[in-house]
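Some notes on the structure that comes next.
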Amino acid sequence: MRKALAIAWKDILVLSRDFVSFILLLAMPLLLILVLGTAFGGMFVSNAAPFQITLAFVDQDNGEMARLLRDEVLQGPDLKEMIRLRAFASPDEARQAVRAGNAEAALIVPSGFSRAVMGESESGLEVLANPDSTIKAGVIRSIAEAFTTEVMARGAMVRLTLTELLSRNLIQPQEATATAARWVPELQSLQSQIKIQREQAVTPGAQLPGAMAYYSISMGVMYVLFAANTAGGSILTERRTRTLLRLFSAPLERRTVLVGKLLGVFLLALIQFLLVVAFTALAYRVSWGSSIPGLALMILATVFCLAGLSALLASLYRSESQAAAIGPAVALLLTFLAGGMWVFTGGPQWLDILSHASPVRWSIDGFLTLMLGGGLAQILLPIGVLLGLGAVFFGIGFLRIRKSYDVA
Amino acid sequence: MSLVRIEKLSKTFEGGRKAVDEVSLSIEEGEAFGLLGPNGAGKTTMVLMLSCLLRPTRGDAWVDGASVVQDSLRVRRAIGVVPQEIALYPTLSARENLEFWSVMYDVPSRQRKNRIQELLVVVGLADRQNERIDRYSGGMKRRVNIAVGLLGQPKLLILDEPTVGVDPQSRNSILETLKELNGQGLTLLYTSHYMEEVEFLCPRVAIMDQGRVIAHGSQEELRLLVGEQDVITIQLGSVPPDDILDKVHAVEGVSAVHHSEGELTVLSNSGRRVLPAVLDKLFDAEVKVRSVAVREPNLESVFLHLTGKELRD
């Protein structure tokens, strides 16, 4: 192990002397994070600016349903922090507020809405949208539609039941009114729908911790692949410069040489990523979450997986020029596929499924979970996948390189 | 007792090319043994097999009693290898290179510093030990290359053309250093296609050609193979016609003739007697002659005598 460590350390030392490559490997991800984080900041909602909607609310109904919508739904526990409600006396005033930009949307509960819900006539909520706030207006529209659908359906059910009970003289008409008033507000399914609407509506930003943080993950991970590829390429360099043969003529096992080389790939990738994490935390104020064990394990799992991938790729290369051309291309492809260049959220589901074929996606998912307050328990899946993939990659790479060493 | 024993060592590569064909040799402890031959003679393949880097197709070799086939780790503990290439890390300094290789060669950590310093003095680089290798001259790199081979205090130092591409001054320095090390008891196996180097360093020599040892013994024994023949070297000032070799060979008393790179080499029992007739043939063919030299036989003439070729062909 002493010799393997010496080989690994030597590889890091050799790469550190390649000043241009070393600076590029360290400086480029930090620069890219800054550029992408700044350029695409608008697509994200940062921690400093939580997703909020100012809603102009007009209650022309003054009935139970309007109260329910205002107090239990829009200002209920799920939406209270997201929706800032401003009451207006008339639709015109609300429209004026939306036009003036004082509200992103207006929701008008028309007169007779409560009666209509319980009766058989049709009625609906009216939503006015500010064209500059389509996403936020869309959220309100979705909530309004979900509420209307739910209360109409529930109203119809209650109506049917009461009609049946009344026809059999099992209850008196005054009891029916009281029952209806009790049943309708129990809008449990509406609450769950509202939750889904909220989560879908606030994307892509609300589930992301900010552009700078997002690109700190994706660019950091991509450059781990670059660094590991560079270190993996040194396996080929040693073959060309005949230092590999010299190592083989020294009194050590060939597998020790291989373990040392792979250890070098792992350590360089680890150093690279730790520097990205440390620098982005200090310079860009990126929060990598509060779970230190979670972060440590995610870093180790990510580096293990991507270093393994680089070892596998190194075993496939025939020359250093192949390593220089193919490695970065694979890194870019996997990062792109994982949504590391820009966020796929809101895109087709098949793309989301496909993106999980990239180990970078599992890394991004794990780090995002930590950044959004998750702990070790929430990242066990990405950690497991990354460690599993890494073991497979390292295993195949080790066997292939060892085979090539046998004929060296 | 022989430190190295080689028995019917053979290597056939894919495609059936025989690089080494049933070579048997022995090298005594403390001697400097030369392996001389042109490029492609099989010297490097021999070195690779003795360094346990290439498995023989047939035969075996033993270094300090250990088989290169069956006990390669023991063999590798007994040898130091100086490859033809500069097998070093160019962005590291000489000291850093030696520190790394000293771990590979199991130099105990307590002795490491002194051992490295000693070797840097031996190869004359103590004052520039902290400079990166890629800023060294070719000769300096070669000297570090040799120092690495010496790190493990080997019983046998195998050197494969260690002076390729080195200026004459550095070459002399390297050869002097090796002679001194050999004088201190280190056994050397030295391969080269430079006859002068082998003549200077190695009392015993094996001459290889096309994978086979065509002659071996002391330098005196090898010269006797040529007999009392003189070597006439004629520098030509113009390109000779194709049939000039046949015409010169037809001169009475000429035993062998060879032309390479504007130089005609003639072997004869009496150089001075045949020289006028040889020059007549050249003048008749209107070949310009720039210089003529007649000298005693050497390993070059032995090789020419045995193969009809020059070492540098």
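Side notes on the structure shown:
- Test: residue in segment A:295-303 that is surrounded by fewer than 15 Cβ atoms within 10 Å (Cβ to Cβ) and closer than 23 Å to A:Leu275 by Cβ: yes
- Residue within segment B:3-17 that is within 14 Å of chain A (Cβ to nearest Cβ), of a type outside the set (Phe, Trp, Tyr), assigned to a loop (DSSP other than H, G, I, E, B) and touching a Phe, Trp or Tyr at 6+ places or on another chain (Cβ under 9 Å) present: no
- Within segment B:41-56, none of the residues are β-branched (Val, Ile, Thr), facing chain A (nearest Cβ under 8 Å), buried (at least 18 other Cβ atoms within 10 Å of the Cβ) and within 23 Å of A:Arg242 (Cβ to Cβ).
- Of all residues making up segment B:65-85, the number that are within 11 Å of chain A (Cβ to nearest Cβ) and of a type in the set (S, T, N, Q): 2
- Qualifying positions in segment A:229-275 - among the β-branched types (Val, Ile, Thr) and either within 31 Å of the chain's Cα centre (by Cα) or within 11 Å of another protein chain (Cβ to nearest Cβ) (or both): A:Thr230, A:Thr237, A:Thr241, A:Thr243, A:Thr256, A:Val257, A:Val265, A:Ile271
- Condition check for B:Ala215: surrounded by 17 or more Cβ atoms within 10 Å (Cβ to Cβ), part of a strand (DSSP E or B) and more than 13 Å from the chain's Cα centre (by Cα): yes
- Qualifying residue in segment B:236-248 (condition: of a type outside the set (A, V, I, L, M) and surrounded by 19 or more Cβ atoms within 10 Å (Cβ to Cβ)): yes
- Of all residues assigned to segment B:23-32, none qualifies as being modelled with pLDDT under 95, surrounded by fewer than 24 Cβ atoms within 10 Å (Cβ to Cβ) and within 13 Å of chain A (Cβ to nearest Cβ).
- Taking the criterion of being over 22 Å from A:Leu252 (Cβ atoms) and either of a type in the set (Asp, Glu) or outside the structural domain of A:Ala231 (by TED's automatic domain parsing) (or both), the only residue of segment A:1-22 that qualifies is A:Asp18.
- Checking the stated criteria, B:Val294 turns out not to satisfy the condition of being under 17 Å from B:Asp242 (Cα atoms) and of a type in the set (Val, Ile, Thr).
- When segment B:263-278 is limited to residues that are out of contact with any Gly (no Cβ under 7 Å at 6 or more places or on another chain) and buried (at least 17 other Cβ atoms within 10 Å of the Cβ), the one that is modelled with the lowest pLDDT turns out to be B:Gly271.
- Here the helices (runs of 4 or more DSSP H) wholly within segment B:89-167 that include at least 2 residues being within 12 Å of chain A (Cβ to nearest Cβ) and charged (D, E, K, R) are B:94-104.
A quick yes/no check of all residues on (1) basic (Lys, Arg); (2) more than 16 Å from A:Thr243 (Cα to Cα); (3) at pLDDT 90 or above:
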| position | (1), (2), (3) |
| --- | --- |
| B:Val82 | no, no, yes |
| B:Ser93 | no, no, yes |
| B:Ile116 | no, yes, yes |
| B:Lys155 | yes, yes, yes |
| B:Ser173 | no, yes, no |
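- Residues that are buried (at least 20 other Cβ atoms within 10 Å of the Cβ) and of a type outside the set (Gly, Ala, Ser), drawn from segment B:95-111: B:Glu96, B:Asn97, B:Leu98, B:Phe100, B:Trp101, B:Val103, B:Met104, B:Tyr105, B:Val107
- Condition met for B:Leu225 (part of a strand (DSSP E or B), in contact (Cβ under 8 Å) with a residue 12 or more places away in the chain and surrounded by 15 or more Cβ atoms within 10 Å (Cβ to Cβ)): no
- Pair list, Cβ under 9 Å, 6 or more apart: segment A:372-388 residue on the phi > 0 side of the Ramachandran plot, other residue surrounded by fewer than 17 Cβ atoms within 10 Å (Cβ to Cβ): A:Gly373/A:Ser290
- Criterion violated by B:Arg95 - all others in (1) within 22 Å of B:Thr163 (Cα to Cα); (2) of a type in the set (Lys, Arg); (3) under 21 Å from the mean Cα position of the chain (by Cα) satisfied: (3)
- Taking segment B:85-94 as the range and being surrounded by 19 or more Cβ atoms within 10 Å (Cβ to Cβ) and either of a type in the set (D, E, K, R) or in contact (Cβ under 8 Å) with a residue 60 or more places away in the chain (or both) as the test, the residues that pass are B:Ala87, B:Leu88.
- Segment B:101-124, residues that are touching a Leu at 6+ places or on another chain (Cβ under 7 Å) and closer than 24 Å to A:Val259 by Cα: B:Trp101, B:Ser102, B:Met104, B:Tyr105, B:Val107
The values are calculated or read from the model by the stated rules, or taken from the named source; none is laboratory data. The model shown is predicted, which means the values in this text are computed figures rather than measured ones. Counting neighbours? That spans all protein chains shown, and the Cβs are built from the backbone with ideal geometry, glycine included.
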